[in-house]
Amino acid sequence: MQIAARIGGRPVSADEWIEVLSPYDGAPVARVPALGADHVAEAVAAAAAALERGDFPQHRRAEVLERAAELLAERTEEFAVTIAREAGKPIRDARGEAARCAATFRYSAVEARKAAPHRYVTKAMREVEFHEPVFLGDIVSFYTRTLRIGRTSITVKVSVEAERWGAGRGETVKVTEAEVILVAVDERGRPRPIREGIEA
């Protein structure tokens, strides 16, 4: 597997490649470009320029982070196998690491929305269903998906899953799910249009 590098959205190459070998048996895992100090400086400059432009608003950042979490969750086993090979760790630990990565993306999306131009309050929770309990040692993951965006409200589907291990194998169970309605409010607590101030 050969992994390319990107800076500012464009592919970059290097004259040499680094072979990533498994510390367990020395088997090749991947090849990555041997980037240098100039590439690091270029990446930092590209990030600073993007921040200065301000053309990536918080709500879009949250959407990208949520989508990244969804894609990672769909391919958790694939990532776990790669982590286990690259680090030489047990597959159980690698699965937990991949799950935590997806959770980090979701938590980051929540923080991005907190920094958005509007403040949101919970208006209602509906269709709450509890399926399974959570036990000590479970790896709990939270998934969110935007269902509807109205003039002043957003309806979000929240799902909670637990990954538990026993008898040498893992099992993922659905813990609970619900629909949450959030309303954008101004400094006086009155509903305000969601798109106002976001598209600018």
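Here is how the numbers come out for the structure above:
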{"item": "The chain shape via C-alpha gyration tensor axes, a/c threshold 1.5", "result": "oblate"}
{"item": "Full-extension gain in nm, Glu127 to Glu42, via 0.36 nm per residue minus C-alpha separation", "result": "25.7 nm"}
{"item": "Amide H partners (placed H, <5 Å) of Val29, local residues excluded", "result": "Val20, Leu21, Ser22"}
{"item": "Calculated SAXS-style log₁₀ I(q)/I(0) at q = 0.13 Å⁻¹ - the range 1-55, Debye, Cα scatterers", "result": "-0.44"}
{"item": "Cleavage-rule hits, trypsin sites (Lys or Arg not before Pro), the range 58-89, DSSP coil, Cβ neighbours within 10 Å at most 15", "result": "Arg75"}
{"item": "P(r) tail fraction, the range 92-156 - alpha-carbon pairs more than 19 Å apart, %", "result": "51 percent"}
{"item": "Semi-axis lengths, Å, the range 123-193, gyration tensor of Cα atoms, sqrt of 5 times eigenvalues", "result": "34, 10, 10"}
{"item": "Within the chain, longest stretch free of exposed GluC sites (Glu not before Pro) [DSSP loop, at most 14 other beta carbons within 10 Å]", "result": "17-186"}
{"item": "At least 15 Å along the helix axis (C-alpha) and Kyte average at least -0.5, DSSP helices within the chain", "result": "37-53, 76-87"}
{"item": "Assigned charges on the beta-carbon of Lys, Arg, Asp, Glu; the chain dipole about Cα centre (debye)", "result": "920 debye"}
{"item": "Estimated inter-spin distance, Thr104 and Val185, nm [label 7 Å along Cα→Cβ]", "result": "3.4 nm"}
{"item": "Sparse-neighbour loop sites [chymotrypsin sites (Phe, Trp or Tyr not before Pro); the range 55-149; at most 12 other C-beta within 10 Å; DSSP]", "result": "Phe135"}
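The numbers here are math on the coordinates, done by the rules we state, and not lab data. Remember, it's a predicted structure, so these values are computed and weren't measured experimentally. FYI the Cβ positions are ideal-geometry reconstructions off the backbone, even for glycines, and counts take in every protein chain you see.
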